[in-house]
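The values are calculated or read from the model by the stated rules, or taken from the named source; none is laboratory data. The shown structure was predicted, so the numbers you read here are calculated from the model rather than taken from an experiment. For neighbour counting, all protein chains shown are included, and Cβ atoms are generated from backbone atoms with ideal geometry for every residue, glycine included. Protein only, heavy atoms only, side chains kept; ligands, DNA and RNA dropped before computing areas. Shrake-Rupley method; radii C 1.70, N 1.55, O 1.52, S 1.80 Å.
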Amino acid sequence: MVKYFLGQSVLRSSWDQVFAAFWQRYPNPYSKHVLTEDIVHREVTPEQKLLSRRLLTKTNRMPRWAERLFPANVAHSVYILEDSIVDPQNQTMTTFTWNINHARLMVVEERCVYCVNSDNSGWTEIRREAWVSSSLFGVSRAVQEFGLARFKSNVTKTMKGFEYILAKLQAKEAKEKAKETALAATEKAKDLASKAASKQQQQRQHFV
């Protein structure tokens with residue numbers, strides 16, 4: 001038996017903004033369980049698709065009843081591989097994640113597709129699927145129920161983290177635009193002042 005999850009979320013930001021935020025979403029106040037992230041492999045295919053593999057380390061506290069089944073020295077951290085395929089031409093990003101340790105206790109596999117929202121081209125849609133399985137004899141059902149509940153909780157944190165990073169990026173972009181506008185206005189004012197001074201000088205020379 002495998003527990004299956006299907007969900008859909010919408011971020012009110014463009015696909016380009018979400019794509020940029022995806023690579024900058026750690027750390028944030030909602031991802032304190034994410035300890036490290038490392039790029040293992042990255043390449044651009046002849047079709048101009050970006051392929052990446054990252055290794056993430058997260059804390060993963062087991063339920064009390066599950067801790068009794070494992071030695072005290074078993075690591076509580078979980079190592080997760082994340083494969084991603086980015087297609088900038090079609091504005092889609094697909095990610096696959098799965099844990100590579102504690103697999104006997106539980107395996108959580110996730111597939112996410114990020115694409116432009118069909119109702120609003122300025123928004124991004126996320127279609128999320130997950131499969132939770134366990135090979136522990138006698139308690140696999142309980143483990144799967146626990147894993148599914150934790151996964152749903154983490155999805156909520158993930159979305160809040162995304163929104164937090166997007167807000168920071170948008171604020172930074174707005175600040176840079178305001179700085180550029182102010183700089184352009186200053187340069188324009190200097191140019192107008194210079195032209196006015198030149199015109200006055202010409203007028204004085206004309207009357208002399």
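Answer with yes or no whether ARG127 is touching a Lys or Arg at 6+ places or on another chain (Cβ under 8 Å) and surrounded by fewer than 19 Cβ atoms within 10 Å (Cβ to Cβ).
Here the answer is no, as ARG127 does not meet what is asked.
If ASP119 satisfies all but one of (1) in a helix (DSSP H, G or I); (2) over 28 Å from TYR26 (Cα atoms), what's the number of the condition it fails?
So the condition that ASP119 fails would be (1).
Under 6 Å by Cβ, and 6 or more places apart or on different chains, what pairs join a residue from the range 114-133 that is over 12 Å from ASP16 (Cα atoms) and in contact (Cβ under 8 Å) with a residue 24 or more places away in the chain with one that is surrounded by fewer than 17 Cβ atoms within 10 Å (Cβ to Cβ) and among the small types (Gly, Ala, Ser)?
So the pair list comes out as ILE126/SER9; ARG128/GLY7.
Pairs needed: first member in the range 142-155, in a helix (DSSP H, G or I) and among the polar types (S, T, N, Q); second member anywhere, open to solvent by less than 50 Å² (accessible area, probe 1.4 Å) and at pLDDT 95 or above; C-beta distance under 9 Å; at least 6 residues apart or different chains.
GLN144/LYS3; GLN144/VAL132; GLN144/SER133
Please state which of the following conditions ARG54 fails to meet, knowing it meets all the rest: (1) open to solvent by less than 30 Å² (accessible area, probe 1.4 Å); (2) in a loop (DSSP other than H, G, I, E, B); (3) charged (D, E, K, R).
The single condition ARG54 does not satisfy is (2).
Which of the residues belonging to the range 145-161 are surrounded by 14 or more Cβ atoms within 10 Å (Cβ to Cβ) and closer than 17 Å to THR97 by Cα?
Hits for the range 145-161 are GLY147, LEU148, ARG150, PHE151, ASN154, VAL155, LYS157, THR158, MET159.
Do you know which of the residues in the range 22-51 that are outside any loop (DSSP other than H, G, I, E, B) and within 10 Å of VAL86 (Cβ to Cβ) is most open to solvent (accessible area, probe 1.4 Å)? Lay out the reasoning, then the answer.
To start, the set of residues in the range 22-51 that are outside any loop (DSSP other than H, G, I, E, B) comprises 22, 34-44, 50-51.
Pick out the ones that are also within 10 Å of VAL86 (Cβ to Cβ) and you get 22, 44, 50-51.
Values: PHE22: 3, VAL44: 92, LEU50: 40, LEU51: 51 Å².
Checking each candidate, the answer is VAL44.
So, in the range 162-178, of the ones that are in contact with a strand residue (DSSP E or B) (Cβ under 8 Å, 6 or more places away or on another chain) and open to solvent by less than 60 Å² (accessible area, probe 1.4 Å), which residue ends up farthest from VAL34 (Cα to Cα)? Let's see the steps before the verdict.
Residues of the range 162-178 in contact with a strand residue (DSSP E or B) (Cβ under 8 Å, 6 or more places away or on another chain): 162-163, 166.
Now drop any that are not open to solvent by less than 60 Å² (accessible area, probe 1.4 Å), which leaves 162, 166.
Values: PHE162: 14, LEU166: 18 Å.
Checking each candidate, the answer is LEU166.
Within the range 80-105, can you find the residues that are open to solvent by 60 Å² or more (accessible area, probe 1.4 Å) and touching a helix residue (DSSP H, G or I) at 6+ places or on another chain (Cβ under 7 Å)?
GLN91
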